[in-house]
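The values are calculated or read from the model by the stated rules, or taken from the named source; none is laboratory data. Since this is a predicted model, take the numbers as computed values, not measurements. Don't worry about glycine lacking a Cβ; one is built from the backbone with ideal geometry, like all the others, and counts go over all protein chains shown. Heads up: the accessible areas ignore ligands, DNA and RNA and are worked out on the full protein's heavy atoms, side chains in. Shrake-Rupley method; radii C 1.70, N 1.55, O 1.52, S 1.80 Å.
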Amino acid sequence: MNLSSIRVGGLAALGFAGLVMVVNVILGAAGMPQPGATPEDVREFFAAGGPGLTVSTALAPIAWILLPVFAAGVAAASRRRSLVQGDAWPLVGLGAAIMQNCLFGGVVATQVVLSAGGLSADVEWGIWQLHTALFSLNAVSLAIIMASLPLAGVRSGLIRPWHATLGFVSAGVMTVVSVTTPLHMDGGPLGMLGLA
């Protein structure tokens, strides 16, 4: 990758962050159920559908394009130093970005299935539980991204140590969210820890 590709990676990072914020605002405003919601809440939300769910579903694939482009930009920016040190952290981050897309693809796919309707109450609840589990377990891929890319960045001089520390703390929080998934499938403060 050349310098222009690195800049594209930076723009992709900004686009990804912006899209994630927009999607979360749209779903929050639409009343997206949270872990601990009742089967009736889930059924009511997805039966209503609405433009918020449609728009958020349409934006998700764009975010999935932007995230690995960002991670590839980090890998490109730190490549010269990485080759000298044999540093694989940028590649770990790129792999985690792809992993995140796969897991979050499952989250969005369950939303699409739930909004399609025609499911029995038991099947609908099972799909919702799968949605909740995938959403929580997805935190591990974010933890890997938040640990490996800052490590690559600080080792190659792309970011300052305080910024890397912020990434490492965030990675620790996301790891806790992921490994405690069974404890917050029905709601609770541990599941909301990832928002920090």
* Peptides 146-158, 14-26: what's the order by average Cβ count within 10 Å, highest mean first? -> 146-158, 14-26
* Structure fact -> With +1 on the Cβ of every Lys and Arg and -1 on the Cβ of every Asp and Glu, the dipole magnitude of the chain about its Cα centre, in debye rounded to the nearest 20, is 1140
* **Accessible area (Å², per residue) of region 17-73, counting only protein heavy atoms and a probe of 1.4 Å** => 51
* Starting from the Cα coordinates of the chain, work out the convex hull volume and express it per residue in Å³. => 109
* Structure fact -> Tilt, helix 161-179 to longest principal axis of the chain (alpha-carbon atoms), in degrees rounded to tens, equals 30
* How large is the helix-only mean residue ellipticity at 222 nm for the chain, computed as the sum of -39500 (n - 2.57) over DSSP H runs with n ≥ 4, divided by its residue count, in deg cm²/dmol to the nearest 500? -> -27000 deg cm²/dmol
* To do: Measure nothing but the geometry: give the 0 to 90° angle between the long axis through the Cα atoms of 3-30 and the longest principal axis through the Cα atoms of the chain, rounded to 10°.
  => 20
* Could you do me a favour and compute the accessible area per residue for region 117-180, 1.4 Å probe, result in Å²? => 48
* Angle, helix 89-116 long axis vs. longest principal axis of the chain, Cα atoms, 0 to 90°, nearest 10? -> 20
* Whole-percent carbon and sulfur share, accessible surface of region 108-165, 1.4 Å -> 70
* Structure fact -> Per the C-alpha gyration tensor (a ≥ b ≥ c, the square roots of its eigenvalues), region 82-196 is rounded if a/c is under 1.5, else prolate if a/b beats b/c, else oblate; here it's prolate
* Structure fact -> Per the C-alpha gyration tensor (a ≥ b ≥ c, the square roots of its eigenvalues), region 39-139 is rounded if a/c is under 1.5, else prolate if a/b beats b/c, else oblate; here it's prolate
